[in-house]
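A.B. asks: Structure provided below as structure tokens; questions to follow.
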Amino acid sequence: MCGAGCQGAAEELRLLSDRLKAPLIHSVKGKDIMPYDDPHWMGGIGMIGTKPDYNAIMHCDLLLMLGTDYPYSEFLPSKGSVVQLDDRPEVLGRRAPTALGVLGSIKPTLKLLLGKVAAKSDTKFWDQVTKERHKWDDMLDKQADPARSKDRIHPQAVARAVGDLAKGDAIFVFDTGLNTLWSANWIRQNGSQRIIGSFNNAAVGTALAQANGIQALDRSRQVIALCGDGGFNMLMCEFLTAAHHKLPVKVVVYNNSAFGLITLEAESVGLPAYKKGIEFPNPDFAALASACGGHGFKAAKPGELKAAISEALTVDGPAIVDCVVAADELPNLPHINLEMVGHYAMAKIKEAVLACTRS
Ligand SMILES: Cc1ncc(C[n+]2csc(CCOP(=O)(O)OP(=O)(O)O)c2C)c(N)n1
Ligand SMILES: [Mg+2]
């Protein structure tokens, strides 16, 4: 399991993976280290991840945690068949009980390890995870197909279109919310692209500001901020900064007229979502872009999506693409327990009762 501490160690990771016949999985902060399509790179874990990887973590003989302080312990083994390697001593054993904690940087330590570790020949576990991974990818493909609905754009299709149309060395900046799940699960990075975000803080609204900072450091590189509408509205003034300083950032807004993740968070603990506080009207984002001195595009129907994104990516200067997306889209849950199902059902019942009693 590879985190951001594995940056620069892709070659050693591949060698170790081949030697041990061990699938490589990653935290979202480690996602950009290898191409999505590399057969070693099986995907992410947790909500930004896959069911095959959840199964792999829970059923492996040994989990090797490399340069990661992944915080969601419920997605990690609880029984201690874990060896953790990191150059931050305070993270060793912090998220999951470890059989062994090793202090060291990833690349040099993997080089030492490769000199000692014997090759395995049994590919059963590898084959199983690979097979499940291909099935999972097929499902993701279907969910992102722009032709899935005639009149509605599904947010997965937005992420996939941005990923497919971006330049080979683009930098994607993810915001926080449901949109993080769409971007992180559906963008297929190529190994040279970078992915940046407020991943530990999960600070909503910061993607565009980060994108401006990145673009100011390197004006030649394509920088794409993928924002929720709530997050964009919180810090929309940063688009003016982009226009003022001639930073050609591209902003893709997932427009669901809501703080989408908050609905899900409420329902997952059995509370009815407080729609008055969650839903909101939006400005015309394309008009806003022009008013600030940038370029504005809008996609409200599936047929408009690719053209809007591709024009925004090729236009000279900062641009916003307003993507009107289905607001009722549910993310894939790689692992569900009965308690979660119960809470969700309870929230839905409460919402139905409230809807009847209020009318
Ligand atoms: C600065 C900040 N404020 C509030 C939150 C809590 N929060 C997490 S996700 C979210 C909703 C974001 O809504 P939006 O940007 O529209 O994204 P969506 O979930 O709809 O994709 C909020 C308010 C946070 N993480 N950070
Ligand atoms: Mg939203």
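A.B. asks: Indicate the gyration tensor shape class of the range 4-125 (rounded, prolate or oblate), computed on the Cα atoms with a ≥ b ≥ c the square roots of the eigenvalues: a/c under 1.5 is rounded; otherwise a/b larger than b/c is prolate and the rest oblate.
C.D. replies: rounded
A.B. asks: I want to check the label-to-label distance for D138 and K167. Put each point 7 Å from Cα in the C-beta direction and report it in nm to one decimal.
C.D. replies: Here the answer is 3.7 nm between the modelled labels.
A.B. asks: Could you size up the charge dipole of the range 4-125 around its Cα centre, putting +1 on the beta carbon of Lys and Arg and -1 on that of Asp and Glu, and report it in debye to the nearest 20?
C.D. replies: 240 debye
A.B. asks: Given the options K301, K131, K107, which has the most mean-square fluctuation in a GNM of the chain, springs set between C-alpha atoms less than 10 angstrom apart?
C.D. replies: Among K301, K131, K107, the largest GNM mean-square fluctuation belongs to K131.
A.B. asks: Taking the beta-carbon count within 10 Å as an exposure proxy, list T98, T130, T123 from fewest neighbours to most.
C.D. replies: Numbers: T98 19, T130 15, T123 10.
Ascending number of Cβ neighbours within 10 Å: T123, T130, T98.
A.B. asks: Among F297, F199, which comes first, second and so on when ranked by fewest other beta-carbon atoms within 10 Å?
C.D. replies: F199, F297
A.B. asks: Round to a whole angstrom and tell me the spacing of the C-alpha centers of the range 320-350 and the range 7-31.
C.D. replies: Value for the Cα centre distance between the two parts: 31 Å.
A.B. asks: Please arrange H134, H343, H40 by counting, for each residue, the other beta carbons lying within 10 Å of its beta carbon, fewest first.
C.D. replies: Numbers: H134 10, H343 16, H40 20.
The fewest-first ordering by Cβ neighbours comes to H134, H343, H40.
A.B. asks: Sticking with this one: In whole Hz and in residue order, list the ³J(HN,Hα) couplings for the range 177-182 that follow from phi through the Karplus curve 6.51 cos²θ - 1.76 cosθ + 1.60, θ = phi - 60°; x for Gly and Pro.
C.D. replies: Per residue, the Karplus-derived 3J(HN,Hα) values read x, 4, 4, 4, 5, 4 Hz.
A.B. asks: Across all directions of projection, what mean area in square nanometres is found for the Cα convex hull of the range 15-71?
C.D. replies: On the way: hull surface 16.0 nm².
Mean projected area for the range 15-71: 4.0 nm², to one decimal.
A.B. asks: Gain in length, V269 to R14, computed as 0.36 nm per residue apart minus the alpha-carbon separation, to one decimal in nm?
C.D. replies: Computed gain between V269 and R14 is 87.8 nm.
A.B. asks: Which percentage, to the nearest 5, of the DSSP beta bridges contained in the range 144-348 is antiparallel? Walk me through the numbers on the way to the answer.
C.D. replies: Values: 1 of 26 bridges.
Rounded to the nearest five, the antiparallel share is 5 percent.
A.B. asks: Something else: Any cysteines in the chain with zero other Cys Cβ atoms under 4.7 Å from their Cβ? List them, or say none.
C.D. replies: So far as the 4.7 Å Cβ criterion goes, C60, C227, C237, C292, C323, C356 stand without a partner in the chain.
A.B. asks: While we're on this one: In whole Å, how far is the Cα centre of the range 247-267 from that of the range 111-168?
C.D. replies: Using only Cα atoms, the two centres lie 23 Å from each other.
A.B. asks: I would also like to ask the following. Between the DSSP loop rule and a limit of at most 12 other Cβ atoms within 10 Å, which trypsin sites (Lys or Arg not before Pro) in the range 23-123 are left? Could the numbers behind the result be given before it?
C.D. replies: Numbers: sites: K29, K31, K79, R94, R95, K111, K116, K120; in loops: K79, R94, R95, K116, K120.
Those that pass, being in a loop and sparsely packed, are K79, K116.
A.B. asks: May I ask you to list the lysines whose Cα is less than 16 Å away from that of K142, ignoring any residue fewer than eight positions away on the same chain?
C.D. replies: Within the straight-line cut-off, K142 pairs with K150.
A.B. asks: Taking loop as defined by DSSP and a crowding limit of 12 other beta carbons within 10 Å, which chymotrypsin sites (Phe, Trp or Tyr not before Pro) in the range 1-105 fit?
C.D. replies: none
A.B. asks: Still on this structure, I have one more. Mind listing the long-range amide H neighbours of Q222? Cut-off is under 5 Å, sequence gap 5 or more, other chains count too, H placed in the peptide plane at 1.01 Å from N.
C.D. replies: So Q222 has HN proximity to I171.
A.B. asks: Okay, next question. Along the range 76-92, what does the Karplus equation 6.51 cos²θ - 1.76 cosθ + 1.60 (θ = phi - 60°) give for ³J(HN,Hα), rounded to whole Hz, x for Gly and Pro?
C.D. replies: Ordered by residue, 3J(HN,Hα) equals 10, x, 9, 9, x, 7, 10, 10, 10, 10, 7, 8, 10, x, 5, 8, 5 Hz.
A.B. asks: Amide H to amide H under 5 Å from K298: which residues, 5+ apart in sequence or cross-chain, H placed 1.01 Å off N in plane?
C.D. replies: Distant-sequence amide H within range of K298: D322.
A.B. asks: Along the charge dipole of the chain, which of G3, L354, P39 sits closest to the positive end, that is, farthest toward it, with unit charges on the beta carbon of Lys, Arg, Asp and Glu (+1, +1, -1, -1)?
C.D. replies: The residue sitting farthest along the positive end of the dipole is P39.
A.B. asks: Which distance in nm do the two modelled labels at N201 and A345 give, with both placed 7 Å along the Cα-to-Cβ direction?
C.D. replies: A separation of 4.1 nm, rounded to one decimal place.
A.B. asks: Continuing with this model, one more query. Compute the Cα gyration tensor for the range 257-359, then decide on rounded, prolate or oblate, letting a ≥ b ≥ c be the square roots of its eigenvalues: rounded whenever a/c is under 1.5, prolate when a/b is larger than b/c in the other cases, and oblate in all that remain.
C.D. replies: Numbers: a/c = 3.30, a/b = 2.14, b/c = 1.54.
In terms of gyration-tensor shape, prolate.
A.B. asks: Could I ask something else about it? Any lysines with Cα under 24 Å of the K21 Cα? List them, leaving off those in the same chain fewer than 8 positions away.
C.D. replies: List returned: K29, K31, K51, K79, K107, K111, K116, K120, K124, K131, K135.
A.B. asks: Which percent, to the nearest 5, of DSSP beta bridges fully inside the chain are antiparallel?
C.D. replies: Details: 1 of 38 bridges.
Of the beta bridges lying entirely in the chain, close to 5 percent run antiparallel.
None of the figures in this text is laboratory data; all of them are computed from the coordinates on show. A quick note: this is a predicted structure, and the numbers were derived from the prediction, not measured. Neighbour counts are summed over all protein chains in view; Cβ atoms, including those assigned to glycine, are modelled from backbone coordinates with ideal geometry.
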